[in-house]
Amino acid sequence: MIIAIESASPDQSVALAHPSGELVADAAWSAERGQGSLLLPRLLELMSDHGVPMSAVSSLAVGLGPGSFTGLRVGLALAKGLAAGLAVPIVGVPSLDAWLDAQPTAVGAMVRAGAAQAWIRARTEPEPRLIAFDAVAETSRDAELVASTDLIGALELRRASPPTRAAAAVARRAAERLRAGAADDLASLEPVYLRPPRGLDDRAAAPVTWL
Amino acid sequence: MSRGPRILAIETSCDETGIAVVSDGRWIESNVVASQVAVHAVTGGIVPEVAARQQLRWILPGLEMALRKADVGWDDLDAIAVTYGPGLIGSLLVGINVAKGLAVSHGLPLVAVNHIEGHIYANWLAEPPSDDGANAKMAVEPAEPPFPLLCLVVSGGHTQLVLMADHGQYRLLGQTVDDAAGEAFDKVGRLLGLPYPGGPAISAAAEGVAPSTRFPLARAAGRYDFSFSGLKTAVLREVEGYRSRGEPIPVDGIAAAFERAVVDQLVRRTVAAAAEHEVAAVALGGGVAANRALRQALAERLGGLPLLVPPPAWCTDNGAMIGAAAAHRFAAGERADAALEAIPSLALPWQPAA
Ligand SMILES: [Zn+2]
């Protein structure tokens with residue numbers, strides 16, 4: 001059984017899927033607070049409702065972003081704890097790819113990037129682009145998009161819907177990679193931050209000291 | 001040696017990733033810390049988002065090292081403990097969520113620990129004797145700190161004077177009304193052009209140097225409260241005075257005067273509180289406890305009262321201290337659930353002043 005977690009935005013979801021990628025069950029909610037504290041309770045609920053014991057878990061799949069730094073970190077930290085504890089492989093999936101999978105008619109996926117910007121991933125483009133809120137064209141407000149609830153409100157996106165089935169799509173993409181024998185390195189797997197901490201160059205290369 | 005609960009403890013409240021295995025609330029089986037001090041030296045201070053990213057990057061390598069060093073498997077553990085505050089929210093959440101994942105994957109109870117309580121419980125930590133008896137000084141089990149115990153927790157994030165009547169019973173006597181002592185060291189270090197972190201740099205500069213001036217003792221609201229921001233401003237004025245006169249700044253002398261003023265304030269309040277509450281001993285915790293001038297002045301001024309100072313590695317943030325504090329919460333039946341959140345401004349369950 002694959003456990004999938006998607007928490008790039010306040011619209012979070014978890015899913016259980018067979019190794020084939022076929023969905024067993026999923027759950028989605030809009031987190032009112034930024035801590036992602038519902039991820040584990042909802043996951044455990046799903047597992048108990050569907051009679052899935054921890055011993056049946058064969059891999060972890062997790063959305064890597066881009067999106068909320070905190071949301072992504074919480075989801076990945078939980079996934080890392082589960083994968084390390086269960087000694088199973090982990091696979092990271094680009095979140096916006098999964099969002100688009102989850103809503104096949106959407107032309108693009110949009111997630112917040114800080115106070116007044118968003119990442120937009122058009123279905124026809126390979127990479128997400130950063131766009132300022134005030135640069136969102138009026139025509140985009142009528143485009144069919146998959147976007148986080150906070151953006152739908154802030155940008156008055158009239159035909160957008162939230163990524164409620166994203167975890168299921170994360171599980172499908174992970175299943176494909178797992179079948180191809182490709183898992184990620186558990187220790188070094190990181191969110192796709194895409195941006196350095198505000199006002200800084202990326203310091204990720206600076207060394208820690210083991211005491 | 002007794003073997004009570006064996007706890008895997010995780011501490012990620014700030015910029016240190018600490019993972020430890022501790023048994024019976026005392027014995028360190030492993031205590032691994034990934035320190036980001038070199039990372040934050042680049043920016044001259046901690047950038048929370050940088051700290052959180054580093055926490056996520058190093059927590060699993062740290063976990064693996066801690067389990068390997070302790071030579072224990074999951075079946076050997078009785079609980080997982082984790083710091084849930086106070087601290088930086090992004091950093092706290094990394095430890096909390098990894099701990100949750102580990103706990104549910106093995107059906108182990110999760111124990112949430114207050115970081116300040118951890119610093120206090122560093123005074124209970126001990127190295128277990130090695131199997132071949134080589135560690136002779138530990139052949140006798142080290143005594144536990146006596147109650148009532150006065151604890152001065154002083155670091156880059158906290159400056160608190162806590163009276164402990166018994167395990168888990170805390171009364172906050174006083175705390176800083178502005179900067180933490182360690183924070184003041186960092187800020188003044190920067191002001192004087194000394195490297196980050198400011199504490200060790202200022203102590204090194206001040207070593208054997210006569211203070212160039214005398215900074216006044218800060219007043220704060222409560223009798224046992226602390227204040228360091230006025231002192232920082234006084235240092236700034238002193239430095240600007242030399243600048244405006246075109247004179248060379250006596251960095252070492254100012255560092256010595258600043259350190260003396262910080263130590264004097266910490267010592268006065270601590271000694272007065274120890275006397276008023278007739279404590280059995282005074283215990284230090286937190287990174288600033290490594291400051292030699294502070295330890296010397298406290299030892300002198302406390303007279304015959306025992307002063308407990310954990311080794312420097314247990315004073316700075318680490319997982320072992322969380323494991324020690326967790327043991328008492330575990331024994332009291334406290335369990336955190338799957339929805340545990342970080343509380344960045346968490347206070348201890350203080351008893352109201354009697
Ligand atoms: Zn601390």
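The values are calculated or read from the model by the stated rules, or taken from the named source; none is laboratory data. Note that this is a predicted model, so its numbers are computed, not measured. Backbone-built Cβ (ideal geometry, glycine too); neighbour counts: all protein chains shown.
Only residues that are more than 10 Å from the ligand (Cβ to nearest atom) and over 11 Å from residue B:176 (Cα atoms): list them for segment B:152-166, please.
B:152, B:162, B:163, B:164, B:165, B:166, listed by residue number.
Inspect segment A:6-15 for any residue being more than 21 Å from residue A:177 (Cβ to Cβ) and either modelled with pLDDT under 95 or in a strand (DSSP E or B) (or both) and give the result as yes or no. Spell out the reasoning first.
First, pick out the residues of segment A:6-15 that are more than 21 Å from residue A:177 (Cβ to Cβ): A:9-12.
Next, only the ones that are either modelled with pLDDT under 95 or in a strand (DSSP E or B) (or both) stay: A:11-12.
Within segment A:6-15 (the criterion being more than 21 Å from residue A:177 (Cβ to Cβ) and either modelled with pLDDT under 95 or in a strand (DSSP E or B) (or both)), the answer is yes, since at least one residue qualifies.
Within segment B:1-33, work out how many residues are within 16 Å of the ligand (Cβ to nearest atom) and either closer than 15 Å to residue B:330 by Cβ or aromatic (Phe, Trp, Tyr) (or both). If you could, list the steps in order and put the result at the bottom.
Going through segment B:1-33, the residues within 16 Å of the ligand (Cβ to nearest atom) turn out to be B:9-20, B:31, B:33.
The next check asks that each one be either closer than 15 Å to residue B:330 by Cβ or aromatic (Phe, Trp, Tyr) (or both); those that pass are B:9-10, B:20.
Total meeting the criteria: 3.
The rows are residues; the columns are (1) assigned to a loop (DSSP other than H, G, I, E, B); (2) more than 17 Å from residue A:171 (Cβ to Cβ).
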site: A:92; (1), (2): no, no
site: A:100; (1), (2): no, no
site: A:125; (1), (2): yes, yes
site: A:130; (1), (2): no, yes
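Considering only residues that are over 12 Å from the mean Cα position of the chain (by Cα), away from every other protein chain (no Cβ under 11 Å) and crowded, with 23+ Cβ neighbours inside 10 Å, which ones fall in segment A:7-50?
Correct list: A:16, A:17, A:26.
Would you mind listing the strands (runs of 3 or more DSSP E) fully within segment B:87-178 where at least 2 residues are at pLDDT 95 or above and closer than 20 Å to residue B:337 by Cα?
Those strands (runs of 3 or more DSSP E) span B:110-114.
Condition first: among the charged types (D, E, K, R) and within 16 Å of the ligand (Cβ to nearest atom). Now tell me which residues in segment B:289-338 satisfy that.
First pass over segment B:289-338, keeping only residues among the charged types (D, E, K, R): B:292, B:295, B:300-301, B:317, B:329, B:334-335, B:337.
Answer for segment B:289-338, where residues must be among the charged types (D, E, K, R) and within 16 Å of the ligand (Cβ to nearest atom): just B:317.
Here's the yes/no breakdown for (1) surrounded by fewer than 22 Cβ atoms within 10 Å (Cβ to Cβ); (2) within 23 Å of residue B:122 (Cα to Cα); (3) touching a residue at least 12 places away in the same chain (Cβ under 8 Å):
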| position | (1), (2), (3) |
| --- | --- |
| B:151 | no, yes, yes |
| B:154 | no, yes, yes |
| B:158 | no, yes, yes |
| B:173 | no, yes, yes |
| B:187 | yes, no, yes |
| B:191 | yes, no, yes |
| B:197 | yes, yes, yes |
| B:201 | yes, no, yes |
| B:208 | yes, no, no |
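How many of the residues making up segment A:51-85 are more than 12 Å from chain B (Cβ to nearest Cβ), touching a residue at least 60 places away in the same chain (Cβ under 8 Å) and hydroxyl-bearing (Ser, Thr, Tyr)?
Total satisfying the criteria: 1.
Only one of these is more than 27 Å from residue B:285 (Cβ to Cβ) and at pLDDT below 95: B:216, B:197. Name it.
Numbers: B:197 fails: more than 27 Å from residue B:285 (Cβ to Cβ).
B:216 is the lone residue from the list that is more than 27 Å from residue B:285 (Cβ to Cβ) and at pLDDT below 95.
Restricting to segment B:210-223, name every residue that is surrounded by 16 or more Cβ atoms within 10 Å (Cβ to Cβ) and closer than 19 Å to residue B:241 by Cβ.
Hits for segment B:210-223 are B:211, B:212, B:213, B:215.
Restricting attention to segment A:164-171, does a residue exist that is away from chain B (no Cβ under 14 Å), out of contact with any His (no Cβ under 6 Å at 6 or more places or on another chain), closer than 23 Å to residue A:115 by Cα and in a loop (DSSP other than H, G, I, E, B)?
Scanning segment A:164-171, I find at least one residue that is away from chain B (no Cβ under 14 Å), out of contact with any His (no Cβ under 6 Å at 6 or more places or on another chain), closer than 23 Å to residue A:115 by Cα and in a loop (DSSP other than H, G, I, E, B), so the answer is yes.
What's the total number of residues in segment B:31-71 that are within 20 Å of the chain's Cα centre (by Cα), facing chain A (nearest Cβ under 7 Å) and more than 17 Å from residue B:11 (Cα to Cα)?
3
Taking segment B:283-332, which residues are assigned to a helix (DSSP H, G or I), under 14 Å from the mean Cα position of the chain (by Cα), among the aliphatic types (A, V, I, L, M) and more than 17 Å from residue B:197 (Cα to Cα)?
Once the filter is applied, which keeps residues that are assigned to a helix (DSSP H, G or I), under 14 Å from the mean Cα position of the chain (by Cα), among the aliphatic types (A, V, I, L, M) and more than 17 Å from residue B:197 (Cα to Cα), segment B:283-332 yields B:320, B:321, B:322, B:324, B:325.
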